[in-house]
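The values are calculated or read from the model by the stated rules, or taken from the named source; none is laboratory data. All values derive from a computational prediction rather than experimental measurement. Don't worry about glycine lacking a Cβ; one is built from the backbone with ideal geometry, like all the others, and counts go over all protein chains shown. Ligands, DNA and RNA are stripped out before the accessible areas are found, and what is left, the full protein with its side chains, is counted by its heavy atoms. Shrake-Rupley method; radii C 1.70, N 1.55, O 1.52, S 1.80 Å.
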Amino acid sequence: SVSGAADLIAGLPADFRWGVATSAYQIEGAIAEDGRTPSIWDTYCDTPGAIDNGDVGDVACDHYHRMPEDVALIKSLGMDTYRFSVAWPRVQPHGKGPVNPAGLAFYDKLVDELLAQGIDPWVTLYHWDLPQELEDAGGWPNRDTAYRFADYSMMVFDALKDRVNTWTTLNEPWCSAMLGYAYGAHAPGRREFPRAIEAVHHLLLGHGLATTRMREASPRKLDIGITLNVATAYPASDAAPDVDAARRADGMGRRIYLDPLVHGHYPADVVADLAAEGAELPIQKGDLELIAAPIDVLGVNYYFSQKFSGFDEDGKTTTDDGLPVSRTIPLNKPRTAMDWEIVPEGFTDLLVSIAKDYPGLPMVITENGSAFEDTPDENGFVADEGRTAYFTSHLAAVAEAINQGADIRGYLAWSLLDNFEWAYGYVKRFGIVRVDYDTQVRTPKQSALYLKEIAERHRSNR
Ligand code: PNW
């Protein structure tokens, strides 16, 4: 059933990790239990028209009440790593002030349950659920939020550092900053471009502050890093405006994060582009040193790549505002249910270029996966050919990047469960396990059995 698997896994390192990922708001539900306060996503869900179908996260996959069953499920799928996120409004309900022991206890139990099953816990400290009270105080455009994040991070770190070896500060700061504060597509739904650029810097500052403090408080050598959603930006042609459009896309999507994290400064071309748009990164003395605190692992989330043109439909290269045109052009590839094009070669190109531009930075694929329209049979089983093929082609892309010299140490599928897919609600399904939202019954899909077989074969080969 797993054709080509032998070739695929032959080139992977012996200690390559296999796992699955989720995030708190997307699966937990129980939004008002044990002292949790609203996050920006609860508020956003209550905004008419914000979420497809009017869906909300109140119950989601009810993971808060089904955690041991879900850990057993991960075990049954042969995965050795589980990446989950901690909900800030559970642990520190007001975004400042004392820890909430009842909220923290859930993650304490989760870690123990994982360890009891022999699964390595990988904690993400922030996967977008900012306490609403901090948004009311200005959110990520407010510099103070970075300090609040570092304080909250230490509450989680001090509680779990004896048992958790791998830590991610932020998941996808691009999404937090740009979808949240520039494009109004995610919570808090603001459309204020200059504020979004301030958010970028304060997110990175929060990462640097938290990383530095966690390192100082580490009881032993731990792996600390950040996860970015990154892609390859292809130019539509060799024409200068197209090449420049791809440069700008790569600048805002990848280099604005990786350059300060690894090289200690923002890319000069991006800073100049931002200035032309009336936006500025609010850097203060010492910030860049903090942001460049060494990390042990870069988490890479990959879904799709795009092609960019600097010409509009009429062949013009500037907009009415005098800014350069940036337009995405279809690569003419098949698409997932998200309407994202399926571009595995963009994954290889991305990983190889990160390895070249940022040498010495080990990578783990912390998310990769796809949404398709699943049709369960009478037993709830989904023969998800499209999702399985997506995993095959993207695992082959990872193997090819390793073959070309990239240091990639693991692969975590997005996602363990069908879950609350943000602005798309429950309509879009990324799970390798089907969730029936009426009964909360979980049924592994064909893609889950496929990944299980790949992981087990790789493990038995080493
Ligand atoms: C990631 N984009 O989000 C998140 O980390 C997950 O929580 C989410 O469920 C998953 O990908 C699937 O969407 C993204 O617009 C959201 O490019 C949007 C984009 C990328 C990643």
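Is there a residue being under 19 Å from the mean Cα position of the chain (by Cα) and open to solvent by less than 10 Å² (accessible area, probe 1.4 Å) anywhere in the stretch 64-73?
No: the stretch 64-73 contains no residue that is under 19 Å from the mean Cα position of the chain (by Cα) and open to solvent by less than 10 Å² (accessible area, probe 1.4 Å).
A quick yes/no check of all residues on (1) surrounded by fewer than 20 Cβ atoms within 10 Å (Cβ to Cβ); (2) within 12 Å of the ligand (Cβ to nearest atom):
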| site | (1), (2) |
| --- | --- |
| 389 | yes, no |
| 398 | no, no |
| 406 | no, no |
| 411 | no, no |
| 420 | no, yes |
| 423 | yes, yes |
| 430 | no, yes |
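Which of the residues that make up the stretch 435-459 are of a type in the set (A, V, I, L, M, F, W, C) and under 16 Å from residue 67 (Cα atoms)?
Matches in the stretch 435-459: 435, 441.
Specify the residue that is nearest to the ligand (Cβ to nearest atom); the eligible residues are those in the stretch 107-123 that are of a type outside the set (Val, Ile, Thr) and open to solvent by less than 10 Å² (accessible area, probe 1.4 Å).
Among residues in the stretch 107-123 that are of a type outside the set (Val, Ile, Thr) and open to solvent by less than 10 Å² (accessible area, probe 1.4 Å), the one nearest to the ligand (Cβ to nearest atom) is 122.
Return the residues of the stretch 332-356 that are open to solvent by 30 Å² or more (accessible area, probe 1.4 Å), among the charged types (D, E, K, R) and free of Cβ contacts under 8 Å to residues at least 40 places away in the same chain; say none if nothing qualifies.
Passing the criteria: 333, 335, 339, 356.
Can you go through 126, 147, 183 and tell me which one is under 22 Å from residue 227 (Cα atoms), surrounded by fewer than 19 Cβ atoms within 10 Å (Cβ to Cβ) and within 15 Å of the ligand (Cβ to nearest atom)?
That would be 183, the only listed residue that is under 22 Å from residue 227 (Cα atoms), surrounded by fewer than 19 Cβ atoms within 10 Å (Cβ to Cβ) and within 15 Å of the ligand (Cβ to nearest atom).
Select from the stretch 369-387 the residues that are open to solvent by less than 30 Å² (accessible area, probe 1.4 Å) and in contact with a strand residue (DSSP E or B) (Cβ under 7 Å, 6 or more places away or on another chain) and write down the one among them that is nearest to residue 10 (Cα to Cα).
So, considering only residues that are open to solvent by less than 30 Å² (accessible area, probe 1.4 Å) and in contact with a strand residue (DSSP E or B) (Cβ under 7 Å, 6 or more places away or on another chain), the one nearest to residue 10 (Cα to Cα) is 369.
Going by the conditions given, is residue 47 of a type in the set (S, T, N, Q) and touching an Asp or Glu at 6+ places or on another chain (Cβ under 9 Å)?
It is false that residue 47 is of a type in the set (S, T, N, Q) and touching an Asp or Glu at 6+ places or on another chain (Cβ under 9 Å).
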